[in-house]
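Quick notes on the structure that follows.
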Amino acid sequence: MSRTGRRIVILGAGFAGLYAALELERTVARDPGVEVLLIDPQNFLLFTPMLHEVASGSLDPSSIVVPIRETLRRVQFLNAHTTAVDFAARTVTVTYGADRRARTIAFDHLLIAAGSQTRFPPALRPHVHGMKTIHDALVLRNWLIGLLERAEIEEDPARRRALLTIAVAGGGFSGVETIGAINDFVHEVARHYPRVSAESPRLVLIESNDRLLPEFEPALGEYTAARLRDAGIEVRLRTKVAAFDGRSLALDAASDAASPMPLAARTLIWTAGVGPSPLIESLSLAKERGRIAVDDTMAVPGHEGVWACGDGAAVPGPYGKPYPTTAQHAMRQGVQAARNIAAAARGQAAQIRPFRYEMLGQFAAIGRHRAVATLFGRTFSGFIAWLMWRGAYLSMLPRVDRKVRVFLQWTLEMLFARDTVQLLTAENMRTGRIEELMDSARAAESADQAPQP
Ligand SMILES: Cc1cc2nc3c(=O)[nH]c(=O)nc-3n(C[C@H](O)[C@H](O)[C@H](O)COP(=O)(O)OP(=O)(O)OC[C@H]3O[C@@H](n4cnc5c(N)ncnc54)[C@H](O)[C@@H]3O)c2cc1C
């Protein structure tokens, strides 16, 4: 790529990276002497607060992903994977295409916004579901329907029970929202499966702390546990997952209680651990609990022109503790980092400002049209909080077309029940020929590279 002047490179088009790009779009990207480049292997932003609604069949996956190209005009987008950063040479290396061709790109300013990933305990990894990517949610929805189909045909009652036992590890936002949503879903569609509805699926939420939703006041955590239990979910507090092999789930209770018997279960959804993305792990920068250490302007100390924000950076808050890893923080950090980069690029050091943000509120949907919320220091729960949850996140969802799609789907859901169409099955994944087609694309790209006679 030729150099047209000063170049600002953003790694990651999640909440932090895309909002930084949108801010630069309005400011320095208008300057023909400045090139802004956004790099991500995904060409969309995933709106994670609504991810559980995809897993539970309430929303189509395409409604909660925001296309990058249609959202940006002046900022260039590169659909590639960043594999390395050379801070001394001031370059990033990216790979792209079926044969993972590499390209080196120079930068004057670099914003690292590569986010986080689910951290699975290595022994559990082959057996557990994640709940972080759009693929996780799609696979989970199809997997749940597959379980119901399989249980319906199963003659053996013990095996049927194991198929219908679904556990979620982690009682934070994502665990609570996931179990609430999939409990509603499996019970709603179970009526189409006579054997399954006679037995009723069993859902278990496992949390190592003594309460759910530690991000909220204790009373809202207790309210959540009570409502989940009302909905038939077993809530096991002060309990850890000890082992899971896809068949048997061993649990460790707190030291004062006897460890419970292992559960026969086929499904464990892991929401109990998040860590920085592999790119961030690989960078030789100072870290705090794996997140890049930055100052309060989001500059990386000792590396002029290098900045980091979002889940992958430990941005110090007013009391020294890093800000929490939420979308609300990531998008605002992205905007402020972009303003600081623009100021630095223009040589206006006095315009570089610290990041400060006081969270106005937070929400968690807990199933059955209920949620818990805090807003402007007040707490809300039940149906009213659920309406607030929907209103707040619908307004935060970028792009009018996405808002309309989600609104229409929510409206349709009130009129028509969710269905049990299973588009991804083990069989159609095997026969889908994607691997064969990718092999063919790799061969074609390698042939293109070979010297011509
Ligand atoms: C299920 C779930 C529900 C959530 N609900 C809420 C909620 O209700 N409210 C809330 O405020 N927060 C919520 N969060 C948290 C929120 O999603 C994160 O805090 C937010 O996504 C962080 O933004 P980010 O830009 O730092 O990272 P991300 O959004 O993770 O984006 C990082 C981007 O970097 C890209 N990337 C990674 N590696 C590379 C590489 N090597 N090269 C180039 N690009 C790369 C990724 O593809 C991705 O697009 C939820 C999270 C989950 C998982």
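The values are calculated or read from the model by the stated rules, or taken from the named source; none is laboratory data. The structure presented is a predicted model; accordingly, all values stated were derived computationally and were not measured. Neighbour counts are summed over all protein chains in view; Cβ atoms, including those assigned to glycine, are modelled from backbone coordinates with ideal geometry.
Summary of values
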item	result
Where LEU148 falls short, out of the listed (1) within 10 Å of the ligand (Cβ to nearest atom); (2) closer than 28 Å to TRP270 by Cβ	(1)
Condition met for ARG229 (modelled with pLDDT of 95 or more, of a type outside the set (Phe, Trp, Tyr) and surrounded by fewer than 22 Cβ atoms within 10 Å (Cβ to Cβ))	yes
Output for segment 112-146, where each listed residue is more than 24 Å from ARG191 (Cβ to Cβ) and charged (D, E, K, R)	ARG119, ARG125, LYS132, ASP136
The listed residue being away from the ligand (no atom under 13 Å from the Cβ), modelled with pLDDT under 95, touching a helix residue (DSSP H, G or I) at 6+ places or on another chain (Cβ under 6 Å) and in a helix (DSSP H, G or I), out of ARG195, ARG141	ARG195
Residue check for ALA114: closer than 19 Å to PRO41 by Cα, assigned by TED's automatic domain parsing to the domain that holds GLY221 and touching a helix residue (DSSP H, G or I) at 6+ places or on another chain (Cβ under 6 Å)	no
Checklist (1) of a type in the set (Gly, Ala, Ser); (2) within 16 Å of the ligand (Cβ to nearest atom); (3) on the phi > 0 side of the Ramachandran plot applied to ALA330, failing item	(3)
Qualifying residue in segment 417-426 (condition: within 28 Å of ILE64 (Cβ to Cβ) and loosely packed, with under 10 Cβ neighbours inside 10 Å)	yes
Boolean, HIS369 is touching a residue at least 12 places away in the same chain (Cβ under 8 Å) and assigned by TED's automatic domain parsing to the domain that holds PRO49	no
GLU281 being modelled with pLDDT of 95 or more, within 15 Å of the ligand (Cβ to nearest atom) and surrounded by fewer than 16 Cβ atoms within 10 Å (Cβ to Cβ)	yes
Criterion: among the aliphatic types (A, V, I, L, M), under 26 Å from ALA364 (Cβ atoms) and outside the structural domain of ASN142 (by TED's automatic domain parsing) - qualifying residue of VAL335, VAL300, VAL306	VAL335
Segment 238-262, subset among the acidic types (Asp, Glu) and over 21 Å from ARG160 (Cα atoms), residue modelled with the lowest pLDDT	ASP256
Every residue from segment 94-133 that is in a strand (DSSP E or B), within 10 Å of the ligand (Cβ to nearest atom) and surrounded by fewer than 18 Cβ atoms within 10 Å (Cβ to Cβ)	THR95
Qualifying position, being of a type in the set (D, E, K, R), over 26 Å from LEU283 (Cα atoms) and touching a Lys or Arg at 6+ places or on another chain (Cβ under 8 Å), among ARG141, ARG69, ARG74, ARG150	ARG74
Every residue from segment 364-399 that is touching a Ser or Thr at 6+ places or on another chain (Cβ under 8 Å) and within 13 Å of the ligand (Cβ to nearest atom)	ALA364, ILE366, ALA371, VAL372, ALA373, PRO398
Condition met for PHE173 (of a type in the set (Phe, Trp, Tyr), surrounded by 20 or more Cβ atoms within 10 Å (Cβ to Cβ) and either away from the ligand (no atom under 16 Å from the Cβ) or at pLDDT below 95 (or both))	yes
Test: residue in segment 235-252 that is buried (at least 20 other Cβ atoms within 10 Å of the Cβ) and within 16 Å of the ligand (Cβ to nearest atom)	no
Any hit, segment 314-332, residues being charged (D, E, K, R) and either within 17 Å of ALA20 (Cβ to Cβ) or assigned by TED's automatic domain parsing to the domain that holds LEU138 (or both)	yes
Residue selected from segment 290-306 under the condition away from the ligand (no atom under 13 Å from the Cβ) and part of a strand (DSSP E or B), by the criterion nearest to the chain's Cα centre (by Cα)	ALA293
Within segment 428-441, tally of residues that are more than 27 Å from the chain's Cα centre (by Cα) and either under 19 Å from HIS192 (Cβ atoms) or assigned to a helix (DSSP H, G or I) (or both)	6
Residues of segment 72-93 satisfying the condition of being touching a helix residue (DSSP H, G or I) at 6+ places or on another chain (Cβ under 6 Å), not in a loop (DSSP other than H, G, I, E, B) and not polar (S, T, N, Q)	PHE77
Helices (runs of 4 or more DSSP H) fully within segment 1-71 counting 3 or more residues that are farther than 30 Å from GLU188 by Cβ and within 9 Å of the ligand (Cβ to nearest atom)	15-26
Cβ-Cβ under 6 Å pairs, at least 6 apart or on other chains, segment 180-195 side not assigned by TED's automatic domain parsing to the domain that holds ARG160, far side surrounded by fewer than 21 Cβ atoms within 10 Å (Cβ to Cβ) and part of a helix (DSSP H, G or I)	none
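Yes or no, residue by residue, for (1) in contact with a Pro (Cβ under 9 Å, 6 or more places away or on another chain); (2) charged (D, E, K, R); (3) under 27 Å from ALA55 (Cα atoms):
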position: LEU220; (1), (2), (3): no, no, yes
position: ALA243; (1), (2), (3): yes, no, yes
position: GLU281; (1), (2), (3): no, yes, no
position: SER284; (1), (2), (3): no, no, no
position: VAL315; (1), (2), (3): yes, no, no
